[in-house]
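Only one structure is covered here, and it is reproduced in the block below.
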Ligand code: CP
């Protein structure tokens, strides 16, 4: 029997061997993906995408990844489902499991919902983003993108900038990068950056401190207005204080730093327009690598449906 995990809920729940294997698999799956071929890893399996929050990149790349692995893919559309008539997550999952799904990819605004589904279902459950908690497939595509660019990540410095407090991406990506030996720092508006004593991660609140820290990679986060019930900073000041302005882009270019962003980008807030065209922007690489990373994740997990137990 395979010893690989059933679910992907957080990076913390994975061993170092799991992380290395999934990243190695991503490199192999990228060759399959870029050649236009398919891989039979999920032939005869059923994959369900269950998104209670909007998504462009994560849902479409998981669906593409599953099809490239020869799975049947069902898209559950919350807006046109019985959820709008009040059906609970529990009853929705029971209904869908009766259709013998092997993999459920779930995004929900509440932290912990994928874990609850994972305990309940024989299918492999993949957390595609739960509230401000975790977004592990994003972490894998980010780490894979940086490995492509730099090789070993040991000693590389990545500063994650923006709304750290509400960011599942910051949590998952900083965790995987640290597990791979990179150094991570956070920067952003004071109320949105947790204290170092709580995270173990150095905390900065201005760009001068960041440039002094000498990062290799500038990783911008989207300002998540939908997760803030009260304003944490004056919105008009955000770009000047924390964004990549035209001026800062020149300095980033001179230092040959890379820029990343998980998307969707708020142009003129996190990044000026020219930053989208910057020669060392890895943003399109992140999207492309999302398919390969997710092919690797799907083929690595072991649903209990495979063992009829
Ligand atoms: N990075 C990310 O999660 O993007 P989506 O919200 O478009 O899936």
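Each value in this text was obtained by applying a stated rule to the coordinates, not by laboratory testing. Source: prediction; values computed, not measured. Neighbour counts run over all protein chains shown; Cβ positions are idealised from the backbone, glycine included.
Annotation: peptides 62-69, 262-269, 179-186, ranked by per-residue average of other Cβ atoms within 10 Å with the highest first, follow the order 62-69, 179-186, 262-269. Choose one answer from 190, 151, 86: the residue with the largest mean-square fluctuation in a GNM of the chain with alpha-carbon springs under 10 Å. Greatest mean-square fluctuation among the candidates belongs to 86.
Relative intensity of the stretch 13-63 on a log10 scale, I(q)/I(0) at q = 0.32 Å⁻¹, equals -1.07, per a Debye sum over C-alpha point scatterers of equal strength in the absence of solvent. Considering all C-alpha pairs of the stretch 1-136, those separated by over 22 Å amount to 38%. For the pair the stretch 254-305 and the stretch 160-211, the centres of their Cα atoms are 18 angstrom apart. The stretch between residue 237 and residue 154, if pulled fully straight at 0.36 nm per residue, gains 26.4 nm over its current Cα-Cα span. Take every pair of alpha-carbon atoms less than 8 Å apart whose residues are at least six positions apart; their mean separation over the length of the stretch 1-151 yields a relative contact order of 28 percent.
Would you mind ranking 276, 295, 99, 260 so that the residue whose beta carbon has the fewest other beta carbons within 10 Å leads the list? Show your work: numbers first, answer last.
Values: 276 15, 295 29, 99 9, 260 23.
In increasing order of surrounding Cβ atoms, one gets 99, 276, 260, 295.
Working from Cα pairs under 8 Å separated by at least six residues, relative contact order for the chain is 23 percent. Computed extension length for residue 256-residue 196: 18.8 nm, one decimal, from 0.36 nm per residue of separation with the Cα-Cα distance subtracted.
Counting other Cβ atoms within 10 Å as a rough exposure proxy, the listed residues 52, 150 run 150, 52 from fewest neighbours to most. Among 296, 258, 55, the residue with the largest mean-square fluctuation in a Gaussian network model of the chain, with springs joining Cα atoms closer than 10 Å, is 55. Compute the angle between helix 283-300 and the longest alpha-carbon principal axis of the chain, please, reported from 0 to 90 degrees and rounded to the nearest 10. Taking Cα atoms only, the helix is inclined about 30 degrees.
Placing pseudo-labels 7 Å out from each Cα toward the beta carbon at residue 88 and residue 74 gives an inter-label distance of 2.1 nm. The length gained by stretching the chain between residue 38 and residue 98 to full extension, at 0.36 nm per residue less their Cα-Cα distance, is 18.8 nm.
Please say if the stretch 104-167 is rounded, prolate or oblate, where rounded means a/c under 1.5 for a ≥ b ≥ c the square roots of the C-alpha gyration tensor eigenvalues, and otherwise the choice is prolate for a/b larger than b/c and oblate otherwise?
Oblate is the answer for the stretch 104-167, as a/c is 1.5 or above yet b/c matches or exceeds a/b.
Can you give me the Kirkwood hydrodynamic radius for the stretch 107-210, using every pair of distinct Cα atoms, in Å to one decimal?
Numbers: mean 1/r = 0.0683 Å⁻¹.
With all distinct Cα pairs of the stretch 107-210 included, I get 14.6 Å.
State whether the chain is rounded, prolate or oblate according to the following rule on the C-alpha gyration tensor (a ≥ b ≥ c being the square roots of its eigenvalues): a/c under 1.5 gives rounded; otherwise a/b larger than b/c gives prolate, and the remaining case gives oblate. Prolate is the answer for the chain, as a/c is 1.5 or above and a/b outweighs b/c. Taking 172, 81, 111 as the candidate residues, the one with maximal mean-square fluctuation in a Gaussian network model of the chain, Cα springs under 10 Å, is 81. Over all Cα atoms in the stretch 133-272, the spread is summed up by Rg and Dmax: 14.0, 41 Å. Rounded to the nearest 10 degrees, the angle from helix 136-150 to the longest Cα principal axis of the chain is 50 degrees. Against the main long axis of the alpha-carbon atoms of the chain, helix 168-179 sits at an angle near 80°. Using 13 Å as the cut-off for backbone N distance, which residues of the stretch 254-277 belong to the label zone defined by a point 7 Å from the Cα of residue 246 along Cα→Cβ? Residues 272-275 fall inside that zone.
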